[in-house]
Amino acid sequence: RLVFQAISQRDLIVVESVVMLLVFAVIIVNFLVDLAYAWVDPRLRTRA
C-alpha cells in the first residue's frame, strides 16, 4: 500500500527505498539458501 501511494504521488525516495529493501532481502535469502545447500548436501562441502 505504501508503494502504490508513493508511486501515485511520485515520491521517488520512498519507491527507491522499498526497492532497495526488497533487493537486500532477496540477496540475504539467496545467501541463506546457498548455506542451506552446503549444509544439506555434503558433496558440496569443500575444505579450505
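What to note about this one:
- Given their separation in residues at 0.36 nm each and the Cα-Cα distance between them, F31 and I7 gain 5.6 nm when the chain is fully extended.
- Spin-label pair V18/L44, simplified geometry with 7 Å Cα→Cβ offset, distance in nm: 3.2
- In the chain, the longest principal axis of the Cα atoms and the axis of helix 12-40 are about 10 degrees apart.
- Whole-number D in µm² s⁻¹ for the chain, Kirkwood Cα-pair radius fed into Stokes-Einstein, 20 °C, 1.002 mPa s: 163
FYI, it's all coordinate maths here, none of it is from the lab. Values in this document were obtained by computation on a predicted structure and should not be read as measured data. Ideal geometry is used to build each Cβ from the backbone, glycine not excepted, and the neighbour counts take in all protein chains shown.
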